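Taking it in order: structure first as C-alpha cells, then the write-up.
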Amino acid sequence: MYLKAKQRTVAIVAGEASGDMHGASLVLALKKLDPTLRFYGVGGEKMRSAGVELLADSAEMAVVGLTEVFFKLPFILKVLRRLQDSFRRRRPEVVILVDYPDFNLRLAKAAHAQGLKVFYYISPQVWAWRKGRIDKIRAFVDKIAVILPFEVPLYREAGVEAVFVGHPLLDTIPARPAADAARRKIGLQEGTPIVALLPGSRRSEVAKLLPVCLEAAARMQAQMGHQGAIQFVLPLASTLSRDFITATLGSSRQEIKVVADSLYECLAAADLAIVASGTATLETALMGTPMIIIYKVSRLSYLIGRACIRVKNIGLANIIAGQTVAPELIQDEANPHRLAELAGELLSNPARRAAMTAEFAQIREKLGQAGAAARTARLVYDMLGHAGAC
C-alpha cells in the first residue's frame, strides 16, 4: 500500500534515440519501485510516454560528428542553461544522465556544484577515445552503471564506482520471428532478396547516408538485371518524420518500402542490412542479420576522430566482438560503387552470411543477462533512499 507523500523529483537527461529508449525503460522500472516519483528532463517520445515532463526534445539535439555540433550549438546551450536553472529551482533528489557525454558531463558538473546526487547510465566510451573524461566522471558523478563488462575494471582502476548492469537491448530485442512471417507482416514478397536500409536516426546522418544507400540500391538492381530483383525496406526511426524521409528519397528511381514501428520485423525479414554506425549495429547483430556498417561525417570531423580514437573498429557490434565480423565502409569508402559491390558479394554468398550470423550469436553471450533497467533502477533507488514508499 502506498500512502500520500511529498512528491519526489528526479531529473533525467537523454540526448539521442537510443538514450530515449533506455531512459524510458529506466523510468518505468523506477516507477514500479516508487510510484510517487516524478520525472522531468530531456528525452524523446518514449520518455514522454513513460511520464517524463520534457523541457526539450532530444531529437532536436541529436548530431553526429565533431564539427556538425556547431550548427546546433545555440539551441544546445539554451537547453543546458534551462536544465542548470531547474537544478536550482526544483532541487531533484538525483540527476540521471543517460549517454550523450559531452552535454551530460557539463550537466554533471552543474548538478554536483548544486550539491545534487548524480547517477550516470550508459557511460561515455572512454575506452575508445578521450580517456581524460574519466577525471570528470570521478569528480562529478556519484555512481555509474556500465553496460559492457570490460568497462568495469577501466573505471575502477581510475577510482570510479562502476557497476555492470548488463546491456539494456537484451530487454527490448525480441526473439527473432521467422523470416517468412516477418515478410508477410510488413508486406514484402517471398522469393527475392531483401535488403534493409538503416541510414541512422538523426536527420544529419540520414542526409549524408541515405543518398549513398539509394544509389547503391540502384546499382544492385542493375547488377541483378531488372527492377524488383531485390526488395528494399527502410524501418522509419522514431526520431524521424515520414515527410523528411519522403523528401530525402526525392525522385529516386529506386523503390524503397518505408515501414514505421517495425524495426525488428524488417531485420528478421532481411537477407542483409546496411546500417549506420551506432546502437543499430548492435540491434542488428542481436537479431542475427548479416550487415554492412557505414559511417560518414564531415572531413574535418573524420580527421579529428581518427587522430583520437584508439580502437580498430567503429561499429559497436564489431567492437564488442573484438574483431571485424561485419565489414565497415567508412568515409570515402562509404560510396555507392563500393557499397553495391560489397552487398552483391554478400547476397551471393550464403555461407559468408551464415558465418556472420554465427559470430553475432557470440556477442549476445558477452552482454550479460536481461534486466538491465531493473538492476539500474535499484541502484538509483538506493541513492534516493526509500522514504517515498511504504
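I'd like the full set of residues that are over 15 Å from Arg375 (Cα atoms) and either among the acidic types (Asp, Glu) or assigned to a strand (DSSP E or B) (or both), limited to segment 151-171. Glu151, Glu157, Glu161 - these are the residues of segment 151-171 that are over 15 Å from Arg375 (Cα atoms) and either among the acidic types (Asp, Glu) or assigned to a strand (DSSP E or B) (or both).
Screening Gly200 on (1) more than 21 Å from Ala285 (Cα to Cα); (2) buried (at least 20 other Cβ atoms within 10 Å of the Cβ) shows it passes everything except condition (1).
Within segment 172-183, which residues are exposed (fewer than 14 other Cβ atoms within 10 Å of the Cβ) and assigned to a helix (DSSP H, G or I)? Explain how you work it out, then say what you get.
Step one: of segment 172-183, the residues exposed (fewer than 14 other Cβ atoms within 10 Å of the Cβ) are 174-175, 178, 180-181.
Passing the criteria: Asp180, Ala181.
When segment 131-150 is filtered for residues that are assigned to a strand (DSSP E or B) and touching a residue at least 40 places away in the same chain (Cβ under 8 Å), the ones remaining, listed by number, are Lys143, Ala145. Checking the stated criteria, Ala326 turns out not to satisfy the condition of being modelled with pLDDT of 95 or more and in a helix (DSSP H, G or I).
Look at Glu151 and say whether it is of a type in the set (Asp, Glu) and surrounded by fewer than 16 Cβ atoms within 10 Å (Cβ to Cβ). Against the criterion (of a type in the set (Asp, Glu) and surrounded by fewer than 16 Cβ atoms within 10 Å (Cβ to Cβ)), Glu151 does not qualify. If you go through segment 76-106 and keep only what is buried (at least 17 other Cβ atoms within 10 Å of the Cβ) and at positive phi, you end up with Asp99, Tyr100. Within segment 70-96, the set of residues being in contact with a strand residue (DSSP E or B) (Cβ under 6 Å, 6 or more places away or on another chain) and either hydroxyl-bearing (Ser, Thr, Tyr) or more than 18 Å from Arg38 (Cβ to Cβ) (or both) comprises Val79 only. Of Leu267, Leu214, Leu240, all but one fail to be within 28 Å of Ala175 (Cβ to Cβ) and assigned to a helix (DSSP H, G or I); the exception is Leu267.
The values are calculated or read from the model by the stated rules, or taken from the named source; none is laboratory data. What you are looking at is a predicted structure, and each value in this text was computed from that prediction instead of being measured. Virtual Cβ from ideal backbone geometry, glycine too; neighbours counted across all protein chains shown.
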